[in-house]
Amino acid sequence: MDLSKLASQSANPSDANSEDATAKAQKAAQEEQLRREMIATVLESDARERLNRIGLVNPQLSTRVEQILVRMAQTGQIRGRVSEQQLIGLLDQADGQQSASAPKKGAIVVCTFSYSLNL
């Protein structure tokens with residue numbers, strides 16, 4: 001490491017922190033760009049349009065499906081491009097996982113418990 005750079009960082013730590021933050025932001029932007037490119041490569045145009053529309057209404061579901069698609073592409077589970085019908089199947093699976101893990105909005109959760117007092 002360059003000693004002059006190290007000396008300037010120790011002399012002005014706020015500059016070092018801002019450089020780290022800038023580097024992290026650039027890395028995050030680069031990863032986001034790579035993710036978008038991979039999604040565009042993996043999905044047919046109809047499927048990509050559907051996923052974009054779903055992202056407007058339910059961003060969490062869209063993000064979850066994108067993560068699944070990226071993971072599948074990285075592990076070689078996707079052969080060819082994903083059609084709209086295949087995407088619908090993934091959406092159903094992802095929505096089913098969400099439904100199983102958390103109650104739906106507006107659901108009424110009733111808890112009953114009983115106890116007795118022995119006086």
TODO: Only residues that are closer than 15 Å to Met38 by Cβ and open to solvent by less than 50 Å² (accessible area, probe 1.4 Å): list them for region 73-89, please.
DONE: Ala73, Gly76, Ile78, Val82, Leu87
- [ ] Under 8 Å between Cβ atoms, at least 6 apart or on separate chains: pull out the pairs that start in region 76-90 with a residue that is more than 18 Å from Glu49 (Cβ to Cβ) and end on any residue that is open to solvent by 30 Å² or more (accessible area, probe 1.4 Å).
- [x] Ile78/Met72
Open item on the list: Looking at the structure I just gave you, is Ala7 in a helix (DSSP H, G or I) and either at pLDDT 90 or above or open to solvent by 60 Å² or more (accessible area, probe 1.4 Å) (or both)?
Closed with: no
Open item on the list: Looking only at region 21-35, count every residue that is open to solvent by 100 Å² or more (accessible area, probe 1.4 Å), under 14 Å from the mean Cα position of the chain (by Cα) and at pLDDT 90 or above and tell me the total.
Closed with: 0
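The values are calculated or read from the model by the stated rules, or taken from the named source; none is laboratory data. Small disclaimer: the values here were computed from a predicted structure and weren't measured. For neighbour counting, all protein chains shown are included, and Cβ atoms are generated from backbone atoms with ideal geometry for every residue, glycine included. Side chains are part of the model used for accessible areas, which takes the heavy atoms of the whole protein and leaves out ligands, DNA and RNA. Shrake-Rupley method; radii C 1.70, N 1.55, O 1.52, S 1.80 Å.
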